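Presented below is the structure to which this report refers.
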Amino acid sequence: MEIKNNLTMQEVEENVAAMRQIFDVVRMISIEGLFSEGFQGDADGCKCYSFWKKDRRCENCIARKAAMQRKMKVKLEYVDTSLYQVYARYVEIDHEPYVMEMIKQLEIDSLIDSQGSEKLVYQLTGYTDKLYEDALTGAHNRRYFEDSVKEVNMPGAGVVIVDLDDFKLYNDVYGHQAGDMALVTAANVIRSNMREEDTLIRYGGDEFLMVLPKIGEAEMDMLLEKICKAVYETEVPGYARLQLSASIGGVIAGEEPIENAVGRADRLMYQAKNQKNRVVTEHNAVMEEKDATVKAEQEQGKQQILIVDDSDINREILSAMLCEDYRILEATNGSECLEILQQQGTGISLVLLDIMMPVMDGFEVLSRMNRNHWIEDIPVIMISSEDADLVIRRAYEMGVSDYINRPFDAKVVFQRVFNTIKLYAKQRRLVSLVTAHINEKEKNNRMMIDILSHIVEFRNGESGMHVIHINKITQLLLDKIVQKTDKYPALWQERSLIETASALHDIGKIGIDEAILNKPGRLTAEEFETMKTHTTIGADMLRNLPRYQDERLLQIAIEICQWHHERYDGKGYPDGLVGDEIPISAQLVSIADVYDALTSERVYKKAFSHEKAMQMIRDGECGAFNPLLLTCLEEIADELQTELQPEL
């Protein structure tokens, strides 16, 4: 039967009567009531959701959807073991909006045959598997834990938290693709060492939860040590420099929900993280405490905290709060604190510093730590009963990481100490990884430039040492000139770039005829003019790399290629630049090139001695140079002989 959208009350009554011959329930719901907080459903005062034996509104309320979309909506709804089909249709009765809801119980046996039923079950099972599977690692996901594991009691089961060490750093340094590959690799290693009946769950971003039914303490300890070792020894495909390790905490569950055991395992995992790549279980922790040697080693391996306070009782209270997990050093004033910092350096993981002390107060300690740059590597938490905003603000401005007021709360103190040490440790590790990554890239870049330069030299009939010599001489000149003057302020930032770019100074010779390059005698005037074009050829080659034109390294290389044969008096080539019209990068390489050319053997000449070469440069036989650079060359003369002459 067709239902019109606009009906009179009489038409509605006729339609409802007709529909009740087909449906088990037919009712009209007002829009006003449907969207009100105190919705009571139909005219009989029955709550809409009471029909479905629920105590609150359905999340998937089909009547609301029909009202909002002004159309017919259909859904299936289970009540206990019965299946209902529900229709909701938007209508207007005498221009007032309503929803007509029609409900019919379905006979499940008549809906689908046995073969179709099997297919449906198979599809639903597959859907459930996907619902509870972590898409990246293939382990169960956190939803599986929440729905199926969290509240379960499994006495005698091993409950284990596995946390990948420094995972955030892998993402930051190598990128998220490397982080994903690390997670997949770790999951595969863990899974390959588990028993068939064990369960692996990706519990957090870099954390896995293992549930090990019916396992003994000793067996679990052996299994976890095996997994810890396997994770450390595995290599992440495509990221050979990425070193995996895991901190693992494990417990045996009692008569308790698994969730409670997870909390205990998590605390043990954080103990393991103090050293990383370590397993801590309730069982081995007890065994280690009984072993005096192990205990002594543990004490030695603990991170050190320096407590600085002139009050004996304050130092004693703080020490008692922290001594179980940290090695405690004490100082009674700021002067003693600085002495210990001078001796221990970054061996101190954190300083707990009072403000008001004799001899030297806390603010003076902070001032000295800033002056010596210790504050950058050693975190400080201020401890004081002083709570004035001015004092606290000054402490933060001087670099403290946190501020704790007396009287002390043991849990608050421990957590703040733990968080601060962890943050600084990650920061140091990140700096180390980034530095190593940058050094590796610089090394590879230099190697490629050296290879290219060597190809040019090989074609030029030179020994292959010329580029190395130019690089070394340029470096020595740079070190000296930045000490002597601030006339060229950019040199501080560009030293490394100039050293690297110096290797490309003669790259333009690749465009010069070999007969001219390797001519044993003196060049004719015409040949010399051709030879001079290697400066512009090299610069033009580099200018034709549009992708890198904004890179300062390429800009400096172009300067050096084009102008390393210019002279300070304007008598050089190709452009006859005078004085500091010549970029300082080109001036540096120019004098380095001349010195090495004089002291090296060429197809057209024998090598001059260091003394003879220096005299020729002083006398202007090779052209005029910046007087400041000539002074620098004189001052590095001994180093030139020491570092270069044995190779000549």
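Counting Lys and Arg as +1 and Asp and Glu as -1, each charge on the Cβ, what is the dipole of segment 313-437 about the Cα centre in debye, to the nearest 20?
With Lys and Arg at +1 and Asp and Glu at -1, about 520 debye.
First compute the accessible area of the chain with a 1.4 Å probe, then give the percent of it belonging to carbon and sulfur atoms.
50 percent
Post the alpha-carbon centroid distance, segment 311-378 to segment 393-451, in whole angstrom.
Distance between centres, Cα-based: 18 Å.
Could you do me a favour and compute the accessible area per residue for the chain, 1.4 Å probe, result in Å²?
I get 53 Å² per residue for this part.
Pop a pseudo-label 7 angstrom from the Cα along the beta-carbon direction at both R602 and W492 and give the gap in nm to one decimal.
3.8 nm
Over the Cα atoms of the chain, what radius of gyration and what Dmax do you get, in Å?
39.4, 121
Which value, in debye to the nearest 20, describes the size of the charge dipole of the chain about its Cα centre when Lys and Arg Cβ atoms bear +1, Asp and Glu Cβ atoms bear -1, and nothing else is charged?
Computed charge dipole of the chain: roughly 1000 debye.
Any idea how many Lys pairs in segment 456-606 come in under 28 angstrom at the alpha carbon, given 8 or more places apart or on separate chains?
26
Nearest 500 deg cm²/dmol is fine: what mean residue ellipticity at 222 nm does the chain get from its DSSP H runs of n ≥ 4 alone, each adding -39,500 (n - 2.57), divided by its residue count?
-15500 deg cm²/dmol
With a cap of 14 neighbouring Cβ atoms within 10 Å, and only residues DSSP puts in a loop, list the trypsin sites (Lys or Arg not before Pro) found in segment 552-648.
In loop regions of segment 552-648 (DSSP not H, G, I, E or B), the sparsely surrounded trypsin sites (Lys or Arg not before Pro) are K571, K606.
Can you pull out the trypsin sites (Lys or Arg not before Pro) in segment 129-165 that DSSP calls coil and that have at most 14 other Cβ atoms within 10 Å?
Of the trypsin sites (Lys or Arg not before Pro), the ones in loops of segment 129-165 whose Cβ has at most 14 other Cβ atoms within 10 Å are K150.
Sequence neighbours fewer than 8 away in the same chain don't count; with that in mind, list the aspartates and glutamates whose C-alpha is under 18 Å from K411.
Excluding near neighbours in sequence, the set is D266, E316, E324, D325, D402.
When the C-alpha atoms of segment 198-283 are aligned to their principal axes, what extent does each axis show, in angstrom, from largest down?
Principal-axis extents of the Cα atoms in segment 198-283, largest first: 45, 26, 26 Å.
Working out 0.36 nm times the residue gap between R547 and T642, then minus their Cα-Cα distance, what length gain in nm do you get to one decimal?
Using 0.36 nm per residue and subtracting the Cα-Cα distance, I get 30.1 nm.
Say the dipole of the chain comes from +1 at the beta carbon of Lys and Arg and -1 at that of Asp and Glu; which of N626, A63, A218 then lies farthest toward its positive end?
My answer, from the dipole projection, is A63.
Which value, in debye to the nearest 20, describes the size of the charge dipole of segment 457-585 about its Cα centre when Lys and Arg Cβ atoms bear +1, Asp and Glu Cβ atoms bear -1, and nothing else is charged?
In debye, rounded to 20, segment 457-585 gives about 300.
Once the dipole of the chain is set up with Lys and Arg at +1 and Asp and Glu at -1 on Cβ about the Cα centre, which of Y488, I375, N314 lies farthest towards its positive end?
Farthest towards the positive pole: Y488.
Of M72, I617, S148, which is farthest along the charge dipole of the chain in the positive direction, counting Lys and Arg as +1 and Asp and Glu as -1 at C-beta?
Positive-most Cα among the choices belongs to M72.
Looking at segment 521-571, which GluC sites (Glu not before Pro) are in a loop (DSSP not H, G, I, E or B) and have at most 12 other Cβ atoms within 10 Å?
The qualifying sites are E551.
The values are calculated or read from the model by the stated rules, or taken from the named source; none is laboratory data. Values in this document were obtained by computation on a predicted structure and should not be read as measured data. When we count neighbours, we look across all protein chains shown, and the Cβ atoms used for this are built from the backbone with ideal geometry, even at glycine. Surface areas here come from the heavy atoms of the whole protein model, side chains and all, with no ligands, DNA or RNA. Shrake-Rupley method; radii C 1.70, N 1.55, O 1.52, S 1.80 Å.
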